[in-house]
Amino acid sequence: MVALHAAPYNLLLKAARIDGRQVDRRANSGKCSVVFYAANTDFRSKVQFLLAAAAILTVYSVHALLSNVQLAYQITWLSHVTLPSAFALYASFVFVFDRYLWSWPLIRQLHGIPNLNGKWEGTLRRKPFNADEEIRAAHANITQTWSRIEIEYEGATVRSRVTSAAFYLREKASTELLYTYEVLPKTVGKGTASRGEGFQRFTLKESKGHSVLSGLHFSSKFREGYVELTRSAYV
């Protein structure tokens, strides 16, 4: 049995509540799911406030600039120029930050959420209860934005999809990624024997210039084990 600290477990429950309303519909078509993840930081609310303030200030500044230019140079057609609303500009700022700006190294130093995008390779040690340990090669693709994450893993006969995820950030210790997942058979009509659910707890560390994810996992199929993945490429 893996013991869960209260703080990370609460984060995972928060992520499950967020994602419980919309587990990705693509699961029904055999594709992986993208889920919103939680994090024990208030930086997200600060970012939203700053982006909203920037949108309002931008619209006000551009409007004032156009008015001054129109009065100074008598350019009448400027009065017919329609500016985007502050809300539309705010939505654009959020989109750009969510997809691109959040992962810039300088900005990541402020919020502390790691960038896990890339291809990961390593080993999976799995021990069914009352059975010998199994060692298998593990391959995963992680796609992440400021608000969502997708962890794609496929074995020989099964695939898994994330159902909830959370980052646990600590100032003087390694960051942890906690997520629950569902295992599904790759072959339609395989039955329920290959289905299951599980929990993975990863610790992120840097080793010899490479990012390494490692940690324990357990599943509803009465298995427990240890996974270690090293990022082989960014995507």
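A short reminder: the numbers here are calculations on the coordinates, not readings from a lab. Bear in mind that the values here come from a model prediction, so they are computed numbers and not experimental data. Cβ: placed from backbone, ideal geometry, glycine included. Neighbour counts: every protein chain shown.
Quick rundown of the values:
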| quantity | calculated |
| --- | --- |
| Spread of Cα-to-Cα distances over 10 Å intervals beginning at zero, given as percent, for region 116-235 | 13, 45, 33, 9, 1 |
| Diffusion coefficient, µm² s⁻¹, Stokes-Einstein with Kirkwood Rh over alpha-carbon pairs of region 43-110 at 20 °C and 1.002 mPa s | 156 |
| Spacing of the two label points (7 Å from each Cα toward its C-beta) at Lys221 and Glu206, in nm | 3.7 |
| Inter-probe distance in nm under a simple model that places probes 7 Å from Cα toward Cβ, at Lys186 and Asn68 | 6.3 |
